[in-house]
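Take a look at the structure below.
The values are calculated or read from the model by the stated rules, or taken from the named source; none is laboratory data. All values derive from a computational prediction rather than experimental measurement. Cβ placement follows ideal geometry from the backbone for every residue including glycine, while neighbour counts extend to all protein chains displayed.
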Amino acid sequence: MLTNSPTNMINLDSLLDSLMLINDISTCYTSSNALEQLCESVLENACSLTGSKRGSVMIYDTATGELEIVASKGIASKPLENIKLKPGEGIAGRVFQTGESIVISDPQNHPDYTQFIGAPEQQEPFAAIPFKTRAKTYGVLNLHAANKDNILCEYNIKLLAVLTGRAAMTIENINLYRTLKTFNIEMVETLTRVIDAKDSYTHDHAGRARLKARRIAKALNMTTEEVEQIEYAALLHDIGKIGVRETVLLKPTRLTEQEYEEIKKHPIIGYQIISPVQFLSKVSKMVLYHQEWYNGKGYPYGIAGEQIPLGARIVSTIDAWDAMVSDRPYRKALNRDIAMDELKKGSGSQFDPKIVAVFLELAQNSWLDSEE
């Protein structure tokens with residue numbers, strides 16, 4: 001039974017502050033460690049609200065079929081990575097399976113409590129609260145208290161359930177975001193395979209460009225979202241070649257002026273193809289401008305310098321490099337050293353000097369060798 005102890009009720013203002021923090025995380029779950037950040041925040045706030053000095057958050061791993069500790073504080077037991085529970089196993093496993101909170105006033109004498117000999121927490125009152133939405137339970141918050149009045153009153157458990165309930169909705173959103181992200185990248189990769197099928201001489205050009213784009217963007221300390229957008233741009237920058245005749249793309253001799261004008265349309269065609277897709281709206285501008293020159297002598301619009309999106313400037317440099325070091329219908333691949341000299345010559349005219357400098361530094365440090 002849950003006991004009522006109004007003398008130690010959680011301050012509602014503090015709970016609201018905690019919920020606002022979780023809400024902030026829920027709007028920024030694009031990072032790779034968003035789940036860990038969320039769990040750490042929930043645990044820290046739960047401990048702060050209750051005065052608890054130790055606790056943990058266990059999340060169910062669908063791959064292993066077990067609850068695993070994702071965040072912990074003050075736990076003195078054996079290595080936490082070894083603590084795993086099946087649904088229904090131990091107190092946390094029961095809470096996960098039933099979706100109902102459990103409070104244990106004397107853990108060391110409870111048959112379902114997982115014992116850790118000599119650990120201080122086995123002698124402390126213990127509460128387990130589920131991370132639960134209406135449809136699903138995602139994990140369990142475990143809290144230890146110095147005394148029964150600290151966290152074990154019914155009122156406090158209910159308020160903690162509000163905290164974990166909001167966190168569960170955020171976990172659901174994180175999972176949905178990751179699923180959508182996987183779908184998006186698979187769709188983009190499918191489009192690049194269409195490009196490869198159209199132009200066999202540039203096979204996997206987009207894949208190589210993507211790897212380099214990611215490394216350069218990270219070296220420039222761009223955000224996770226910006227890095228992803230530039231990866232998409234690197235994959236899709238030539239999508240407009242779908243609208244160019246194969247006889248022009250695969251011509252083994254120099255292009256006529258008319259044929260070159262047809263090739264020059266591919267950034268606009270690419271933009272028209274992907275701009276209607278909402279999650280590619282920023283990417284479409286990078287595709288549109290990836291043939292612009294830093295000095296304004298590129299195409300399709302002749303814009304220059306900072307007018308050209310940074311992602312487009314990155315893709316431009318990578319695209320030129322890959323073109324130089326790959327076989328083309330009209331010539332063999334250039335030597336790597338010659339290609340590096342050409343990038344240096346084009347720095348400040350065709351290419352952004354800052355991008356060229358980063359590219360060359362990565363190349364000289366063999367950061368790109370395995371990807372060429």
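Key figures
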item	result
Pairs, first polar (S, T, N, Q) in region 316-327, second crowded, with 24+ Cβ neighbours inside 10 Å and in a helix (DSSP H, G or I), C-beta under 6 Å, six or more apart	317/359
Segments classed as helices (runs of 4 or more DSSP H), wholly inside region 267-372, with at least 1 members that are farther than 19 Å from residue 216 by Cβ and in contact with a Ser or Thr (Cβ under 8 Å, 6 or more places away or on another chain)	281-288
Selection status of residue 303, hydrophobic (A, V, I, L, M, F, W, C), in the same structural domain as residue 240 (by TED's automatic domain parsing) and in contact (Cβ under 8 Å) with a residue 24 or more places away in the chain	no
Among residues of region 204-253, those that are in contact with a helix residue (DSSP H, G or I) (Cβ under 8 Å, 6 or more places away or on another chain), assigned to a loop (DSSP other than H, G, I, E, B) and under 18 Å from residue 279 (Cβ atoms), counted	2
